[in-house]
């Protein structure tokens, strides 16, 4: 009975981690639809693809790997060619521990943008999700298999369960407000709610309801000089689910190389971002990101654990990689600089 209670506690912890993991990327803004469904179609271009990978806890023997991918498109534009309706699909899977505890989620995202003024817009988004959860206990070692010296797999565990598998349906919704400055950099504020359908998971005859998670995010980029060669970007995230919370703040210094024209849409430059995030009470996260011609973005970060877990992890958290590609911009005919008078 005691082992059952312990197992239920461990699985509950993994499931709670799994459902927070759908946005638990340190580079939270590099797969935006997992953050807020309103980000579907919100970019300058025709289509976008994103990939993410995170590895955690390898140093303490509890490897937790998370994979994510997304694709989104602009399906309708308004009469001046700006995005009106966006459609996207995003997915993630995480795999934890020796039991291969898996949480897989696939989202279908839909967003609609309303233009409030010449320099501001409001986007609403919704997402329908399919959840698939499983675990395999057959490879685990139990106390009854300890022979006094070591664990002996030839000794029967005496346990009757071999794992679990659950499927569920879920809903999410979000809202994003953007206000642009004179350099066309937006102040971006988003709020989203996940697990609105309150999906249930049944483990060892126990029903567990996934609590609603509320997430807020904000970002603002600006130039540091009139030459537009240097800039800075501030980012923040706050997420709350039942009694759990995650708060991240950070900043990235930007250095521009090459040519750029924000007003014509013609980009021929490379942007290098270097900085760090701080997950309050948990980790500091150095970040390096490279953007090429506003189309290809590659980022790498590393969690340096500062919490009590650092006693076991030796301050090692885990690496994370992000890659995205935005499809061709609308063609713009450039004949002569005098056309831009």
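The values are calculated or read from the model by the stated rules, or taken from the named source; none is laboratory data. Computed from a predicted structure; not experimentally measured. When we count neighbours, we look across all protein chains shown, and the Cβ atoms used for this are built from the backbone with ideal geometry, even at glycine.
Computed quantities for the displayed model
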read-out: Residue satisfying all of: in the range 92-107; closer than 20 Å to residue 174 by Cβ and in contact with a helix residue (DSSP H, G or I) (Cβ under 9 Å, 6 or more places away or on another chain); modelled with the highest pLDDT among these; value: 107
read-out: Residue 7 touching a strand residue (DSSP E or B) at 6+ places or on another chain (Cβ under 9 Å) and either at pLDDT below 75 or surrounded by fewer than 15 Cβ atoms within 10 Å (Cβ to Cβ) (or both); value: yes
read-out: Subset of the range 147-170 that is in a strand (DSSP E or B) and either in contact with a strand residue (DSSP E or B) (Cβ under 6 Å, 6 or more places away or on another chain) or at pLDDT below 60 (or both) - its residue that is farthest from residue 89 (Cα to Cα); value: 151
read-out: Index of the failed condition, residue 40 passing every other in (1) over 18 Å from the mean Cα position of the chain (by Cα); (2) closer than 22 Å to residue 295 by Cβ; (3) at pLDDT 90 or above; value: (1)
read-out: Matching residues in the range 123-136 - criterion: being surrounded by 15 or more Cβ atoms within 10 Å (Cβ to Cβ) and either modelled with pLDDT of 95 or more or closer than 26 Å to residue 176 by Cβ (or both); value: 123, 124, 125, 126, 127, 128, 129, 131
read-out: Matching residues in the range 73-91 - criterion: being assigned to a strand (DSSP E or B) and out of contact with any helix residue (DSSP H, G or I) (no Cβ under 6 Å at 6 or more places or on another chain); value: 73, 74, 75, 76, 77, 83, 84, 85, 86, 87, 89, 91
read-out: Criterion violated by residue 116 - all others in (1) surrounded by 13 or more Cβ atoms within 10 Å (Cβ to Cβ); (2) farther than 21 Å from residue 193 by Cβ; (3) at pLDDT 90 or above satisfied; value: (1)
read-out: The range 188-199 - residue that is more than 18 Å from residue 40 (Cα to Cα) and either touching a helix residue (DSSP H, G or I) at 6+ places or on another chain (Cβ under 7 Å) or surrounded by 15 or more Cβ atoms within 10 Å (Cβ to Cβ) (or both) and, of those, modelled with the lowest pLDDT; value: 199
